[in-house]
Amino acid sequence: MQEPPPFKAPVISLNRLSKSYGKTQVLFDINLDFYPGQVIGYIGPNGAGKSTTVRILAGLDGEFSGEATICGIDVRKDPLGVKQMIGYVPEMAELYDVLTPREFLTMIGRLHNLSDAVTLERSLRMLRFFGLETNADDRMDTFSKGMRQKVLLISGLLHNPQVLFLDEPLSGLDANSVIMVKEIISRLAAQGKTVFYCSHMMDVVEKVSDRIILIDKGRVVADGTFNELKQQEGESLEQVFSKLTGKQDLDQMAGDFMESFRSDEQ
Amino acid sequence: MIRFWLFIIRLLKPLWKRLGVNYDQLKALMEARLLMETRRRKTWQQNKSSNSGGSSWLIYLSFFFIGGGALAAIIQFDHVGSGLTLYFLIWMVFFSVTLISDFTEVLIDVRDNYIVLPRPVNDRTISASRLMHIVIYLAGLTVPFMLPALIYMAVMFGISGVLIFIFLQLLSELMVVFGINLIYLGILRFASPARFRDMIGYFQIALTVMIFAGYYLTPRLLDWDRVTAVNFLEKPLSTILPPAWLGSIWEVLHEGAADTVSLFRAGLGILVPLLGIWLVVRFLAGGFNRKLMAISMGVKSDAGPVIRKRNQPGSGYMDRLSRWVCRSQAEKAAFDLTWLMTARSRDFKVKVYPSFGFIPVFFLYMAIQGKGTLAERFMEIRSGNYFLLLLYMLLLAVSTPLVSIRFSDKYKASWLFITSPVARKGELIAGAFKAVMGRFFVPFFLVFAVITLSFWGVKTAPHILLAFVNLSIISVIITYLTPDLPLAAPWEEAKKGGQVATNILTTVAVGVIGGFHYLLVLFTPGWVSFVAAVVLILPLYFLLKRLSALKWT
C-alpha cells in the first residue's frame, strides 16, 4: 500500500463508495485517496465499473451511496464546483464536427467562463503543439480520428484543470502524438495536477502511472505502483491483469473457438 | 415487393451469367438492399414532418397525386399534344428534383465501401446490383406518377396510345437522367464535394416546397379556361423545351403530323435522350462516379478553410450579435453553437427551411382562393387586412426551428454541456433561443414587414410592431414550456410526438392573440396598437429573464 505524501490533503477522495443501477450493484464499497501530482492508472475489464467511477467523480451522477470529494468539494453537493476543477475527456467522444476547432474551443472556453481572448490564445498554442494550427479554421468533419482526439484533449485542458480524467486518450493517435501526450501528462503531474488515466492499453498504463488501481466487478482488486504489483503477481501488467480478473481457462476457451472451423478440415 | 423484384432478377439469370455477374451474390446484395429500403420507408412513414428522403412512401403517394394533377393537364387541354407537353413538363421537373436530392444516396451507399468491397465480389456484380437498385428506384417513382395518366390514355386512345405514352415516358426519363448527370458534373466542376452536399440539401428543400405547392396550387391553376385553349406546339419558342419534343412525337406518331417543325422536334426527342445516354455511359459516368465516391467518402475539400481566418475574437456579424444579446459566456457559447450548427448542418436545414417556403405558398393559396379574376383578387387583398395573416403565419414557420433546435444528428456531442460548469440550464436554452430568433425570425419578419409596408401602406407600421412583440412573446413561451438543451436529442425522438402539444398550443396562441390584434386593427386607431406594443415589451423582457434563469433539474 502506498504511503500518502506528507502535508498534502487528498485531491480525490472516495469513501465507502457504492453504486447500483436498479438491482444490479456495480460498485462495492470503494475507498481510495489520491494526492496531487499523481498519475493514476485506472484499469479493469469491460464493465468493471471504471466509467461509472469517473462519471461520479466528474459530478455527472449524484445517485450513489458513500462519499466522493474532489479538492475537498463534495461531488453531490456542488457538482458545478467540481466541474470547474476538472477536465474530462470521455472515450470516443462526439464533437460538433461541422464546427472548426477554433469555434469549438471558443465554445468550450465560454462554457467554462473563460474570456474569449484567453481561450483563443490557449487554444491556438495547444493546436500548434499538436500540429493542427493550419487546420484551426477547417471544419472537423474532414478530420481523421486522431485529429479529433487531439481537439478533444485540448478541450479537456483548456481551462487548466486541477484534476484531469482521461479515458483512452491515445486512441487514434500516431506514435509521435502518443509521445507528446505522455510528456504532457508527466509535466502536468510535475506541476501538481492529478491525472486519472483509464485505459485498456496495459503497456502505456504501466509506463505513465505512478499508481495503478485494478478494479473488477466493482471492487478494487489491486492498488499500488507497477513495481509493487509486479512483485505480487507477475512479470507484466498484462499478466497481473489476467491473473486478477480471472481468465484462467483461456487455453481451453481458445481451443473451443478453433473447433468452429472443424467442418472445413474434413 | 422484395419477392417480386427478386423474381425479376431470377428471370434475368442467363443474362447475368453472360455478363459475368455472380447471381447468388447479386441476389444476396439485392435482398439486403431492398430490405434496408423497406425499413427506411417505415421509419419515414412515422415521421411525416420530415419527408426529405425521396424514396419514402410519402413521396410515392405524393407522386401518385401529383401525377393525377398532371393528368388534368392532358384532360383539360383541347389539344392532346399540348396537354402532354405540360404533363411531361410537370413530370420532368418533379422527377429531376427528386433525383437530384436522392441520387447520391441511392447511387453510392458508402457502406458498400466497407462491407462489400473487402469481400470476394467482382466489380460486375457490384455494378449490376447498383444498376438494379437504380432501376428499381426509378420504377418506384415512375409507376405511381404515370398510373393515372396511363389509365386515361388506355381508355381514350387504346393500346396504341398506351404504347406511345410508355415510350414517351421512357424517353423523358433518359433525358432527365442525362440532364442530371450534366448538372452534377457542372456543380462538381465549380464546387468542392462538401459544398456539393450542401447544394443537394437545397434541392431537397426545394422538392419539399414544390410538393407542397403542387398539392395546393396546381388544381387551382389548371381551371383557367383561357390557357387550356392554347396550343403550345404552335409557338416556335417551345422548340427549346424538351417536353415539347415529346408532345411532338405524339403528334407525329398518333395524329400523323408531318410538317417540318413537328418532325424536327420529334427527331430531337428521340435522338437527344439516346445520344445523351450514350454520352453518359461512354464518357461521363467514369469521372462522375469517381467524384461521387469522393463525396461520400468525405474527402477533404481543396477549397481551403471554410471560413475566413479570424485572428481577433469578436469580429464578424455573429460575434457582435451574440455579444449584444447574450448576458453570460455560457449563453454566448450556446448562441454561437446554435448559430453555426443551423447554418452548417444539412439535416437541420432540410428539416426546417421548407416550413418557411410553405408560407408564401399557403398565403398565395388563401389569396387566389375565391371568386373573380386575378386582378379583382389582387385589389381585394390589398384593401383588406391580409397582412396580419401574413405576419402571424410566420410563427407557424418559426415554431419549427424553435422546436427542432433540441434535435441534432450529433446529439451525443451534448455531453460537453453536462460536463461543463454551467450554472443554469437556462443560460444554454436562452442562448440557443436567441440564436434561433436571430437567424430565423428576425430576418423573415423584416422581409414580411417590408412587403407589408410597401403593399398595404405605412398605416400598418404600429401593427407590424405589435405583431413583432406578440410573436416574440409566444416564441419565448413555447421555449419556456419545453425547456430542453439545444442539439441534445436524436431526430428519432422528434417522431415520438411531443411536438403535437406544442403545435396545438402555437396554433391556438396565434389564433387567439392574432384575433385580438385583428380586433384592434378593426376598431381602434393605430396608436393603440403602438402603445400596446410598447407596454408588452416589459413582459417580454421578464419572460426572457425567466427563461435564462431556468435551473438544472
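The values are calculated or read from the model by the stated rules, or taken from the named source; none is laboratory data. What you are looking at is a predicted structure, and each value in this text was computed from that prediction instead of being measured. All Cβ positions, even for glycine, are placed from backbone atoms using ideal geometry, and neighbour counts span all protein chains on display.
Applying the condition of being at pLDDT below 80 and farther than 20 Å from B:SER172 by Cβ to the stretch B:120-138 and asking which residue is farthest from the chain's Cα centre (by Cα) yields B:PRO120.
Residues checked against (1) of a type in the set (Gly, Ala, Ser); (2) modelled with pLDDT of 70 or more; (3) surrounded by fewer than 19 Cβ atoms within 10 Å (Cβ to Cβ):
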| position | (1), (2), (3) |
| --- | --- |
| B:GLY201 | yes, yes, no |
| B:ASP223 | no, no, yes |
| B:PHE232 | no, no, no |
| B:LYS235 | no, yes, yes |
| B:LEU246 | no, yes, no |
| B:VAL272 | no, yes, yes |
| B:GLY276 | yes, yes, no |
| B:PHE288 | no, no, yes |
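Listed residues A:GLY81, A:GLY172, A:GLY87, A:GLY156; which is in contact with a helix residue (DSSP H, G or I) (Cβ under 6 Å, 6 or more places away or on another chain) and under 30 Å from A:GLU63 (Cα atoms)? Just a single option satisfies the conditions, and that option is A:GLY87. Scanning the stretch A:23-40 for residues that are part of a loop (DSSP other than H, G, I, E, B) and not charged (D, E, K, R) yields A:TYR35, A:PRO36, A:GLY37, A:GLN38. I'd like to check something: does the stretch A:160-169 contain any residue that is out of contact with any strand residue (DSSP E or B) (no Cβ under 9 Å at 6 or more places or on another chain) and either more than 11 Å from chain B (Cβ to nearest Cβ) or modelled with pLDDT under 90 (or both)? Checking the stretch A:160-169: not a single residue is out of contact with any strand residue (DSSP E or B) (no Cβ under 9 Å at 6 or more places or on another chain) and either more than 11 Å from chain B (Cβ to nearest Cβ) or modelled with pLDDT under 90 (or both).
Cβ-Cβ contacts under 6 Å between residues 6 or more apart (or on different chains), taken from a first residue in the stretch B:162-178 that is outside the structural domain of B:TRP91 (by TED's automatic domain parsing) to a second residue that is buried (at least 20 other Cβ atoms within 10 Å of the Cβ) and at pLDDT 90 or above, are absent. Please work out which residue is farthest from B:THR208 (Cα to Cα), limiting yourself to the stretch B:322-351 and to residues that are modelled with pLDDT of 85 or more and away from chain A (no Cβ under 14 Å). Top of the filtered list is B:TRP324.
Quick one: would you say B:LEU89 is assigned to a helix (DSSP H, G or I), of a type outside the set (S, T, N, Q), in contact with a helix residue (DSSP H, G or I) (Cβ under 9 Å, 6 or more places away or on another chain) and modelled with pLDDT of 80 or more? Yes: the conditions hold for B:LEU89. Taken over the stretch A:185-238, residues that are hydroxyl-bearing (Ser, Thr, Tyr), within 14 Å of the chain's Cα centre (by Cα) and modelled with pLDDT under 90 amount to 1. Elements of the type helices (runs of 4 or more DSSP H) sitting completely within the stretch B:414-517 and holding at least 1 residues that are under 19 Å from B:LEU550 (Cβ atoms) and among the hydrophobic types (A, V, I, L, M, F, W, C): these cover B:415-419, B:425-436, B:461-481.
Screening the stretch A:72-105 for residues that are within 7 Å of chain B (Cβ to nearest Cβ) and assigned to a helix (DSSP H, G or I) and picking the one that is surrounded by the fewest Cβ atoms within 10 Å (Cβ to Cβ) gives A:LEU80. Restricting attention to the stretch B:132-161, the residues being small (Gly, Ala, Ser) and touching a residue at least 40 places away in the same chain (Cβ under 8 Å) number 4. Filtering B:SER454, B:SER472 for residues that are free of Cβ contacts under 8 Å to residues at least 60 places away in the same chain and within 18 Å of B:ILE359 (Cβ to Cβ) leaves a single hit, B:SER454. In summary, A:MET126 fulfils each of the numbered conditions (1) within 10 Å of chain B (Cβ to nearest Cβ); (2) over 23 Å from B:ARG424 (Cα atoms) with the single exception of condition (1). For the stretch B:179-186, the condition of being aromatic (Phe, Trp, Tyr) and within 16 Å of B:LEU84 (Cα to Cα) holds for none of the residues. Taken over the stretch A:100-111, the criterion of being over 13 Å from B:GLU427 (Cβ atoms) and of a type outside the set (A, V, I, L, M) is satisfied by A:THR100, A:PRO101, A:ARG102, A:GLU103, A:PHE104, A:THR106, A:GLY109. Somewhere in the stretch B:432-449, is a residue in contact (Cβ under 8 Å) with a residue 40 or more places away in the chain, buried (at least 19 other Cβ atoms within 10 Å of the Cβ) and closer than 23 Å to A:PRO90 by Cβ? Checked the stretch B:432-449: at least one residue is in contact (Cβ under 8 Å) with a residue 40 or more places away in the chain, buried (at least 19 other Cβ atoms within 10 Å of the Cβ) and closer than 23 Å to A:PRO90 by Cβ.
Table: residues versus (1) modelled with pLDDT under 90; (2) within 14 Å of another protein chain (Cβ to nearest Cβ).
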position	(1), (2)
B:SER399	yes, no
B:ILE405	no, yes
B:SER408	yes, yes
B:THR419	yes, yes
B:GLU427	no, yes
B:PHE441	no, no
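Entry remark, the stretch A:212-247: residues being of a type outside the set (Lys, Arg) and in contact with a strand residue (DSSP E or B) (Cβ under 8 Å, 6 or more places away or on another chain) number 21 in total. Here A:ILE40 clears all of (1) away from every other protein chain (no Cβ under 14 Å); (2) at positive phi; (3) modelled with pLDDT of 90 or more except the condition numbered (2).
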